[in-house]
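> Pasting a structure here, questions to come.
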Amino acid sequence: MTAGALGSRLRAVYRYLREVSGDTAYDRYCEHRRRARPGEPVPTRREFQRQRARKLEESPQSRCC
């Protein structure tokens, strides 16, 4: 396997792990927020995580795991 192919596979694994872990949620939120509300400030990652945690506490959902 060439170095380029190995690097490509490692990047794919990295992107997959970020998606599964929920680490990309803030990135997707920022993109959505900028399109939906241009000109308004985007919350920091910390503010986003606090809002997300508060929302989950206020309306818990059952999960299989």
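> List the pairs whose first member sits in segment 36-53 and is farther than 14 Å from residue 22 by Cα, whose second member is open to solvent by less than 90 Å² (accessible area, probe 1.4 Å) and of a type in the set (A, V, I, L, M, F, W, C), and whose Cβ atoms are under 9 Å apart, counting only residues at least 6 apart or on separate chains?
Hits for this filter: 42/30; 42/48; 43/30.
> In addition: Give me the pairs: first residue in segment 7-29 and closer than 23 Å to residue 43 by Cα, second residue open to solvent by less than 100 Å² (accessible area, probe 1.4 Å) and small (Gly, Ala, Ser), beta-carbon distance under 7 Å, and six or more apart or on different chains, which are they?
Listed by first residue and then by second, the contacts come to nothing, as the list is empty.
The values are calculated or read from the model by the stated rules, or taken from the named source; none is laboratory data. Keep in mind the model is a prediction, meaning the values are calculated, not measured. All Cβ positions, even for glycine, are placed from backbone atoms using ideal geometry, and neighbour counts span all protein chains on display. Note: areas computed on protein heavy atoms with side chains; ligands, DNA, RNA excluded. Shrake-Rupley method; radii C 1.70, N 1.55, O 1.52, S 1.80 Å.
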